[in-house]
Structure formats: C-alpha cells, structure tokens
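Throughout, read-outs are computed from the coordinates displayed, never taken from laboratory work. Nothing here was measured: the structure is a model prediction, and the numbers come from that model. Cβ coordinates were reconstructed from backbone atoms using ideal geometry, including for glycine residues, and neighbour counts include every protein chain displayed.
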Amino acid sequence: MQAVELKLKQASAVLGIDPKDLQNLVQFQVLRPPRRDSIYWFDNDLLLAAKVALYLKESLGTSTELLARFTEAFSASLREEGTGRVRYMWLRSRPVSGREPVEVRIPLGNLAKELEEQLPRAAVYQDLPRGRKRPGWKREFTRKLEAAARDLSGVTESQVSDAIRAYRSEKRQLPEITVGGPKRSA
C-alpha cells in the first residue's frame, strides 16, 4: 500500500464513514493520531487500526473503552510485527477472574485490501476551510449534477427509491453470530 498522510476528513472518506464518527473514535481515544497545527494526521497503520476498530464495533457492538483497549493492543502488535502479508489476526480478551478467554478473529488481509481500494477517495475530499467557497464551485457543482443526471437517465424514481430502501435495510442488519464447538456423537 502506498504511504499516505491524510487529514481527518480525507481519512473518513477513505474509511467510508462520516467524519463525525471518526472524530468520536479520536475523542474517546480509541484512535490516537498525531496532531500537528491543530490537525489530526492519519498514516497507513492508523487507517488500518481505524478500519479494525470500525470492524469490531460493527461486528461486536463493543463499548468505546473495550474498543480502545483492543485497538491499542492491535496497534502495538502492528508496530512490533508490521502488516506484511498477515491474513488474519486474533484478539484474545481474558476475564479478570482467570476464566476462558474470548477470541475474535479479524480478517486483516481483507480489511487492508479494502483500504487500498478506497484510498483514491481521499483525493475527492479536499479538506477546505469552513465558510468561503472556492472560485468556480458553482460551475463544478453544476457539471457534477449534469454528469449524475446523464448517469441516471433511464432510471425511474421507484428504482431509485428501491435502491435506497435496500441499502438502508442492509445497513440495519445485525451481524451474524455463529457458535462452533466439538460435535457430540449420538
């Protein structure tokens, strides 16, 4: 993966999440990006750590405190070993009372591949200061709307509504939880 250094808004575009969600991960210290000139900067390793944190949050619905501890352990492991060609990583959480640990297998290779595919999104999201619009923004906006209209020619309103409804219902689905164990003989 090419070496990158992105601002928060660009990193959120690459991760495919709202900038506020990424800001929340930083505020709750799930992620700890370096800060220069009042701006948080995300490199490749931090983007991957964010992707893993979002994966865990989506899969497990974990609390921010536990998510921060998982992400910290993951980041420390990344610094020691590097990503290389690791396909999977396991996180193990052992309860304080010394019981059996809970293990989570993370498809690290797939998450890194998704990040690499989404990296071009960073160029689309220019990190502009709030307030003033840049010169030519209206013409650019009009061109983009015209291109979108051409792309959607022949698509009915009901098809658009169906696509939106399907996307929203997919986002609301709960993660699949499976239980594995030794098979018992009858």
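Data table
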item: Ordering of 134-143, 47-56, 22-31, 71-80 by burial proxy (mean other Cβ atoms within 10 Å per residue, highest first); result: 47-56, 22-31, 71-80, 134-143
item: Proximal lysines to LYS57, defined as alpha-carbon separation beneath 28 angstrom and excluding residues fewer than eight positions away on the same chain; result: LYS7, LYS9, LYS20, LYS113, LYS171
